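A short write-up of the structure that comes next.
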Amino acid sequence: MSAAPSPKLYGVLGRNRKRRYGYLRHGRGLPAEAISDDVASGAGAVLSLPPSLGGQSVARGCGRAAFPRRGRLLRPSRGLFSPLALPRVALLVLSPRCSFPPAAAAMAMRQTPLTCSGHTRPVVDLAFSGITPYGYFLISACKDGKPMLRQGDTGDWIGTFLGHKGAVWGATLNKDATKAATAAADFTAKVWDGVSGDEIITLAHKHIVKSVDFTQDSNYLLTGGQDKLLRIYDLSKPEADPQIVSGHTSGIKKALWSSDDRQILSADDKTVRLWDRNTFTEIKAINVAMSVSSMEYIPEGEIIVITYGKTIAFHSAETLEQIKSFEAPATINSASLHPEKECLVAGGEDFKLYKYDYNTGEELESYKGHFGPIHCVRFSPDGELYSSGSEDGTLRLWQTTVGKTYGLWKCVIPEEEGVELAKSKANLPGTAEEDLEDLGSENSDSIYSTTPEVKA
């Protein structure tokens, strides 16, 4: 005999303090393993419905048709949704101070982004360093001409690189964050000391520079820009002329080292090209339907992430053969793949961030956090957070797993008596409606308010 199917987590049960009824906030399905009684009492309850009711509107099975502003009416003690009718219903009582499984936290808790202010114009590019003995670092490029360096896991400002006389379009850090490079509209690329902030080298170009990238040993710098040329500078010989790679027919938007610095990836308006570093010859080129908005290289697995229009495409970095692609509901300006290839995030013109399962393409989350189009998103090197830069002039740091203690995000272990109270309420066989209403505390609505922000 086959085992009975597990119930699916469907939403969060809250309470209206004035009208005294429960409501269900709609959510996405999560496995039953995400449900646990080992939490403190307080803010609400997570309701798990059996598979036979998966995907149904809660209001459809209720005897009343009231639709409060913050959710749909739920009458747990009547008809279809009574405890007797749903013997497999599981209740999880949550508290603003509770500790609970990451999957349930992602469902029941809101993202709390760390907002990094300081720029005065749109943020158009960002990059993380590798993990160093001092943590990892984040650099941002902005149209205000003042790239900034921050602590990667907290967003704390470290310093500003001063010297450009135009918008900065690209920025990067080497692996150990000892050097930074920037590309700007003043026809220069600059290399900076990542520790002191001093300018080391200024590399003159004949047009706007859009992209910079270090080799793994930090000895060479690759640049690309509006003059349609790729340039390779030997940083140990700053006075020497760069090696030049030609072949693009429009301005270069992104140029990256790949395959242990043996190859170069570059993207212009509607073309992505793969070059051999030693011979400077084109290995392969692919054309896309719309203008390329971003390109990211993932060394583990040799994958490149390309965005154009509403499409997020994944290609082999060695052959440019397409692996898979997803379609987003809005124009996407940037996308980033998790280091473990579990998920990807993308942001674009509708001010939203989208999170997808990389294997299935299922949308896991979508939410607004910025007040303008999102120009760039990147995962941190450990995959615990991702950063986004926007037209609104801010960077925001977001948790990959909501509710996990990391950086400035803290999750406090609940008190023992609160846990026992939660267990007793969750295990009651015949919970009446008034009991369910009492599960919500007087300040329960606060956990479902508009996405909160923490200033970094």
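The values are calculated or read from the model by the stated rules, or taken from the named source; none is laboratory data. What you see is a predicted model, and the numbers here were worked out from it, not measured in a lab. Methodologically, a virtual Cβ is constructed for each residue, glycine included, from the backbone with ideal geometry; neighbour enumeration extends over all protein chains shown. Accessible surface is based on the protein model in full, side chains and every heavy atom, while ligands, DNA and RNA are left aside. Shrake-Rupley method; radii C 1.70, N 1.55, O 1.52, S 1.80 Å.
Calculated accessible area for the stretch 241-348 comes out at 39 Å² per residue, all protein chains present (probe 1.4 Å; ligands, DNA, RNA ignored). Let me make sure I get this right: for the stretch 322-396, a, b and c are the square roots of the gyration tensor eigenvalues over alpha carbons, sorted descending. Under 1.5 in a/c it's rounded, otherwise prolate if a/b > b/c, else oblate. Which is it? Oblate, because a/c is 1.5 or more while a/b does not exceed b/c. Of the peptides 110-120, 345-355, the order by per-residue mean of other Cβ atoms within 10 Å, starting with the highest, comes out as 345-355, 110-120.
Ordered by solvent-accessible area of protein heavy atoms (1.4 Å probe), largest first, the residues Ile286, Ile131 come out as Ile131, Ile286. Please give me the summed charge of the neighbours of Asp382: other residues whose Cβ is under 11 Å from its Cβ, Lys and Arg +1, Asp and Glu -1. So the environment of Asp382 carries a net charge of -3.
Near Ser250, once Lys and Arg are set to +1 and Asp and Glu to -1 for all other residues with Cβ below 13 Å from its Cβ, the sum equals +3.
Leaving ligands, DNA and RNA out of it, report the carbon-plus-sulfur percent of the accessible area of the stretch 302-354 at a 1.4 Å probe. Solvent-exposed carbon and sulfur of the stretch 302-354 make up 45 percent of the total. Here the stretch 353-384 and the stretch 293-347 have alpha carbon centers that stand 12 Å from each other.
The slack between Thr249 and Asp261, meaning 0.36 nm per residue of separation minus the straight C-alpha distance, is 2.0 nm. Taking the accessible area of the stretch 123-228, probe 1.4 Å, and keeping the other protein chains in place, the carbon and sulfur fraction comes to 52%.
With every protein chain present, what is the per residue accessible area of the stretch 167-232 (1.4 Å probe, Å²)?
36 Å²
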